[in-house]
Structure formats: structure tokens, C-alpha cells
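Presented below is the structure to which this report refers.
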Amino acid sequence: MIVQLTPTPKLSAFRRQPPTPPPTLAAITLLFAATAGGPAMATDTDSAKRGLEIRSGQVSYPTNENVLARDLEGNQVIAKVHLQIDRTFVLLFPDGQLATQPIVNTQSTSKPFVAIDKKTLARKVLASMPSENGWKTRRTRHYVFVYNTTAEFALATSRILETMLPGIRKFSQNQKIPTSDPTVPMVVIMFATEHEFQAYRPVGRGVRAYYEPVSNRVVLYQGQQSSPGLKPQLALQQAISTIAHEGVHQILHNIGVQQRLSYWPMWISEGLAEYFAPTSVGKRMRWKGLGKINDLRMFELEQLIKSQPTEAAGKLLIEPTVTANRLSSNGYASAWAITHFLAQRRKSQFRAYLQTVSQLKPFQGISYNNDRERIGEHFTLFRAHFGENLNRLEAALTQHLKELPYNDPYAEFPHLVGMVIYGDGRQLKRVANVFHTREVAEKWTTETLERLPEPSRSTARYSLRSFPNRAVAEQFADRWMKTR
């Protein structure tokens, strides 16, 4: 999730009534972005055109208040008050978009808020798209899809997202978090090519899709049907997971689990999206359920763990991930792992944690738009729910990951065996490990040698040997370790 907020409002974490910051202009943009291999930064320089330009100030949360106001096209409609900042409303309009209005320009009304119908919404979105791209629309129970992709891709996307929604609602209800049907139709815009996707809104290199809470829209592109170095089926699963990941963000913001404009800790926001994102699809491209093993994320974790020294135990995944203000690709993998572990093995504590963050209102939590690499408050909240003994929790997480069924997505690619043999008194001892990349193998070898006592280090010998695939490499490593 990427947020730009200049300047950052002085809002304390988990506080209902924050202090009033200086009255300086602040343009706010929130963007949940996903790439095939991890996150990418995105920027937005025209927030004012998107209708959410406000002055920082005292935040309050009127309940069940509707007003007559002008929408972004100048039409008078009934809007729902999302929050109030001093003398400004942030309003939810019938098309699902958030925009600001000075309170003086609105009029309170007892009339009910009514969402725009999907047919009218489809026409409205189409009118804002480049006319030469050959757009089509598809309407389902909860969504409006606007696309110029292949019909097969559009159909698969609509099936995945529609089948995800009831599953996510059921999961949330099992966590004792109240949910509701989406108040407004959800919009998904699908481009055929990356060029069109970037022309619509320039985002960071590598971003394939994003959810924008201000407009309440998911935007993505179809692109190529394969990725370099991956089997077609694995590349398809990766693409489907990316679509599902952004769909999770949109669904959580529309069923009442995460309030739009609230700041969840990064690890749970992205970890939960990864937890829900499917890694396998059926014949009709339907979502198969939450908590599936993500082989690509598991591979990243395996490489990360192999590259870390032994003394990193207890600090390897949890603390760096939970405190991170931004996540790398490894961070996304770690967030998925922690979420999967807690949801499966620490169910009551995980439920309580989700209940806590789900109560965050707009602008509550720690803003993502700051220069801090680590957010200590997130770690404090984590330990309050999951305990102080981080070493024990890390060990349980590692054991959980070892027990998960995992298919190495690169198993048929070349692998390396790293070998170290050294003297320990009168005995010769051997250490070996299997790697997919030379970089990780060399890092492991160097750190293994550095950890040896000086007498053993002076006698140590090491080598790397290549093999055509993982199975052959593991067989060799096993035989070599048994050699005396």
C-alpha cells in the first residue's frame, strides 16, 4: 500500500480524537499496488483533480449523516458523510468515489443514500476512458467490469472476484468482525497492455495492478500470458494471485472490515491480501479458497532463510516485517508467512488482533507517508496480542513453514550444492546446502566459514558444484554428507 500525504496529519495511532495539526494544504492519495514479484512504488501528482484535496484539521466521524452535494461532474446527489475535517466533509458519492466538499456547500437531508445502478455506472466509467481502445463492459452481482482485454481474461477475473467475496465475508464473520454487503458497486478497469495501463495513470515500474481507495477502483492489465523462467501454469497462477490480491483490498474496504482511508500496519494489510490470494484455479477459473500455499512466496522464504546467519534466529522474519513501513518482495513473502502461521496456529490471538485493527477509523493508525523505515508502535501492538517471547514465536513460525506442502517452482532449473569440510579436533565435519542462485550459495558459504572457530576455519575447505535440477543436487548433497 502506498500513500502520499503532505504534510502528514498529526494523528496518533488508535486515538479517536487526534490533536489539530497546522492548517496547511494536504493532498491525499492512497494506492494499494501489486507486482508479479512484489511491491512497487507509485506516485500521483494530480490528487486535486481526483477530488480529495483537503486541509489538515480536527477529525470527527458523524454517523448515518447524508447530505445534498455536487458530485465530481457537478450533479446534485445524495452523498454519505464518510468523515469531517474541521469545516470540510469527505463524502461517499453514489458511484463509490470519495471527494471533499466544504460543509457550507452541502445541505443536510433525511433522504436515504442510494448507490448508482450498475448500468449507469458502466456508462459513466466508459465516458472517462480513451474512446479508441474498444471498451466493453460486464456487470455481475457486485461489480462493474470495464475492459478491452480478451473476453476469456475478463470472464476469469469476474468469476474469481465474485467467488472471493462471500469467502472473505465468511472468514471475517468467523473472526467476529461485522460485515455487510458492499454499499456501492465495485469497479474493475482492465487494460489489454501495460502501455495503456501506464497511460491511464503512470505508476511504478513493475506494477501490474492496484486498488485505489479514493476512487474505489481496481485497475490492472492483462499483458503477456507467460513470464520468463516460469512454466505457463505457474505464470497463470501468479497472474491470478495478483488479481486476487488487489481484489482482497477492494473487498475488505467495501464490506466494513477495513475502513477507507484508515492506516493498517503494512504487514497485516498485505499479508492478509496474500493469504486470501489463490495460487491455483479450477477449470472455470474460480477462486478455490483462502490460505492456499503460495509456492513462489515459499521459495522466496526458503532462499531468505538460507541466506541468513544462525544468530538471526528470533529476529529473522517477525520483527523486521511487523515494523516495516514499506515491504520488499521478501517482505511480502514474510507477511504472508506470518499471517498464514497466526491464522492457522494462533487463532484466538489473531482474531483479537484483526478485531483491533478493523476498528481503526479514517486517518487512524500510523500514516504510511513518512520517512521512518520502522514503526515501533506496530511491534508494540503485535506483542500485546501475540506475546513477548519472540524467539519462541519465531521458532514456531519456522516449524510451521517446514510442515507446509511446498513445490519448488524452480525445481527443474539448475541448482548448486555448497559444501564446507573442516577439522574439529580429530574429526572432519561436513556441512552442505542446496541453492537455486549462486549469490545465495556464496553468501551461505562465506557466513558458514565465518562462524567456525579460528582453529577450524584455518583447516576448512569449501566448494560449489552445479547440477541440472534440485532433485539431483539434493541426492548428491545427501551422499556427500554421508561420506567419511
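Read-outs throughout are calculated quantities, based only on the coordinates presented, and are distinct from any laboratory measurement. Computed from a prediction, not measured in an experiment: that's the story for all the values here. All Cβ positions, glycine included, derive from the backbone under ideal geometry; neighbour counts span all protein chains shown.
Table for the structure above
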read-out	value
Neighbour-count ranking [beta-carbon atoms within 10 angstrom, fewest first] of S456, S215, S348	S348, S456, S215
Net charge of neighbours whose Cβ lies under 12 Å from the Cβ of R55, counting Lys and Arg as +1 and Asp and Glu as -1	-1
Burial ordering of E302, E212, E196, fewest other beta-carbon atoms within 10 Å first	E196, E302, E212
Net charge of neighbours whose Cβ lies under 13 Å from the Cβ of Q76, counting Lys and Arg as +1 and Asp and Glu as -1	0
Label-to-label distance, nm, for residues given as Q58 and L72 (7 Å Cα→Cβ offset)	3.1
Taking the C-alpha atoms of region 361-413, convex hull volume expressed per residue in Å³	195
Inter-label distance, nm, simple model (7 Å from Cα along the C-beta direction), T446/M481	2.5
Extension gain (nm, one decimal) between E132 and A460, 0.36 nm per residue minus Cα-Cα	111.4 nm
Pairwise FRET efficiency - A411 versus Q173, Cβ, R0 = 35 Å, nearest 0.05	0.35
Estimated D of region 386-435 in µm² per second, where Rh is the Kirkwood radius over Cα pairs and Stokes-Einstein applies at 37 °C, 0.692 mPa s	224
Footprinting exposure proxy for I305, I318 (fewest neighbouring C-beta atoms within 10 Å first)	I305, I318
Debye intensity ratio I(q)/I(0), log10, region 415-482, q values 0.11, 0.28 Å⁻¹ (C-alpha model)	-0.25, -1.19
Rounded to whole Hz, the Karplus (6.51, -1.76, 1.60) HN-Hα couplings of region 391-399, x for glycine and proline	4, 5, 5, 5, 5, 5, 4, 4, 5
